[in-house]
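What follows is calculated from the coordinates using simple rules that are stated; it is not laboratory data. Small disclaimer: the values here were computed from a predicted structure and weren't measured. Cβ coordinates were reconstructed from backbone atoms using ideal geometry, including for glycine residues, and neighbour counts include every protein chain displayed.
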Amino acid sequence: MRQLKTLKRLYDEERHVVITEKGSPPRVLFFGEDFLLEDLPLDTRVIFPRPPLQGVPNVKAAIRWAINHPEGMEPLHALLRPGMKVTIAIDDISLPLPPMALPDVRQTILEIVLELLADSGVDDVHLIIANALHRRMTEAEMKRMVGSKIFDAYYPERYYNHDAEDPEGMVELERTSLGEVVALNRRAVESDLLIYVNINLVPMDGGHKSVGTGLANYESLRAHHNPKTIRDSESYMEPSRSALHKSTERIGRVIDKNLKVFHIETALNNRMFDGPTGFLGKREEDYTEFDRLKFQGLKYTLSKLPRAAKRKLFMQIPAPYQVTGVNAGATEPCHEKTLELCWKQYSVPVEGQSDIVIFPVPYISPYNVNSILNPLLVQVMGLGYLYNLNRGVPLVKRGGVIILCHPAYDEFDPEHHPSYIEFFNRLLPETRDAMKLEHMYEREFAENPSYVHLYRKGHAYHGAHPFYMWYWGENGRQHVGKVICAGAENNHVPELLGWERADTLGEAIDLARGFMGRSASITCVKTAPIVQCDVRI
């Protein structure tokens, strides 16, 4: 691989955005279902993630400091008394991505908190996975998250998944000022203290969204998981400009009025790669000869593996994330500090929008851990998460083109995503209109007895979940003029999603320039790790 010859660097002291003016074209490694090293046109702007922030020197000390010096509440030990009922809710497997190297920070927090509860004479303690309408975590996944000692002591009677469809397990509180349903897990509502253990991977996570979403039911989630609210959200990652967050705030304030909630929020850096895969965290121009050899070796190995084996290999490589901060206490002041840490790690200042934006789609999303990135999840990654990773305005101009790099295979996991299969094959051929889908079909899927049973007793996402995935991409669909899937291995998946396809990235760029003009500006966002663009115009 040849290094770049001449670079004009914007924000040179940070070196997160580069654009080539002459010499060799930029080469970018696309880390997804396969490893691809692609040449981009000259004058392509490439946006790189910030380097990982330094983790706190002692995670246990940071946790103890946070719970003893909380924001807007008394220290945790002062809230405890013998004989009280305590519930600890925990973020599910959808965060972080990929799963973090052991010990998971949730385990570390639980070890400290459970010891404190025991020392305070609190024996009535339940641990609940706040999975909302996500699939139930498996026994092995739950054990990995909290460690053998906690698992053996609490599972299954006192460590279990939230069940949003349990008619006896949900309680409706008062409604918000706008009539939004506030329904929560009964055990949490009837506890003297609810402790929420959170991982904040992006600014959309945490805060009021933790309890009000993670322990809610379908009727409560409908308040903000709908096309109108999504369309009214200018940026998912900027809470002050998000109708989604405004709804969760109204719901969360009702919760805080009726329950005593103590949050423990953690922020992570973006150190996704280490050891043999450490070179993936570098910029391509900084590769050594040994890095290039490792790249070629990994590419060759992946080319020989069946798709299922590649997925299994990827899922088994944990990320060496480091904790950059721990905050605790009342919902809003605690979360404000957490957001500052998130933006410090992920935000990259960018001058101006582009006509064409290239997003490599990684192999993993919050909804396919240990599973398949099916077509609906490719869609939600591209038009939901990657498109919305911004503050200010979107990176792509209105009416512009997004190029997504992914094979877009027609493959679904029947155990995890059964309702997705029907949504994709039955509903999308009829309409891609999110409003029509919501009005005509959402409740049918949500109340389908088979899907309810698979959610409650198996490891399936709720019947309403594929609708949420489609709605999540609504802003991207409304904003752009065209989506092109580069490397799509078939025609019918992009066609059903309303996209065009191209065999290669080069062909996709030619199609995009044919639509936008030969002088169209191009930006490529290097993912992963996560990049949030602060776009200034």
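Observations, loosely collected:
- Stokes-Einstein translational diffusion, the chain - Kirkwood Rh over all Cα pairs, 0.692 mPa s, 37 °C, in µm²/s: 137 µm²/s
- Gain in span if fully extended, Glu444 to Asp39, counting 0.36 nm per residue against the direct Cα distance: 141.1 nm
- Short-range pairs are left out: with C-alpha atoms under 8 Å and at least six residues apart, the relative contact order of the range 202-258 is 41 percent.
- Shown here: the range 27-109, whose C-alpha atoms stretch 66, 24, 22 Å along the first, second and third principal axes, sorted largest to smallest.
- Computed over the range 338-401, the percent of Cα pairs more than 16 Å apart is 56.
- Each label point was placed 7 Å from the Cα along the Cα-to-Cβ direction; for Glu489 and Glu332 their separation is 5.0 nm.
- Relative contact order, whole percent, for the chain stands at 20, derived from Cα pairs under 8 Å and 6 or more residues apart.
- Spin-label proximity, Asp124 to the range 155-192 - amide N less than 14 Å from point 7 Å beyond Cα toward beta carbon: 187-192
- Normalised convex hull volume, the range 291-373, alpha-carbon set, Å³ per residue: 204 Å³
- Computed E for Lys60/Glu415 - FRET, C-beta separation, R0 41 angstrom, nearest 0.05: 0.65
- Most to least packed among 434-445, 482-493 [average Cβ atoms within 10 Å]: 482-493, 434-445
- Each 10 Å bin, from zero up to the one with the longest distance, holds this percent of the alpha carbon pairs of the range 203-325: 11, 26, 22, 23, 16, 3, 0.
- For the range 59-268, taking the reciprocal of the average inverse distance between every pair of different Cα atoms yields a Kirkwood hydrodynamic radius of 17.5 Å.
- The chain: calculated mean residue ellipticity at 222 nm from DSSP helix runs of at least 4, using -39500 (n - 2.57): -9000 deg cm²/dmol
- Which listed pairs, of Lys60/Lys282; Lys246/Lys397; Lys299/Lys344; Lys60/Lys526; Lys209/Lys337; Lys143/Lys260, have C-alpha distances above 23 Å, in listed order: Lys60/Lys282; Lys246/Lys397; Lys299/Lys344; Lys60/Lys526; Lys143/Lys260
- Dipole of the chain computed with +1 at Lys/Arg Cβ and -1 at Asp/Glu Cβ about the Cα centre; of Asn198, Pro51, Met435, farthest Cα towards the positive end is Pro51.
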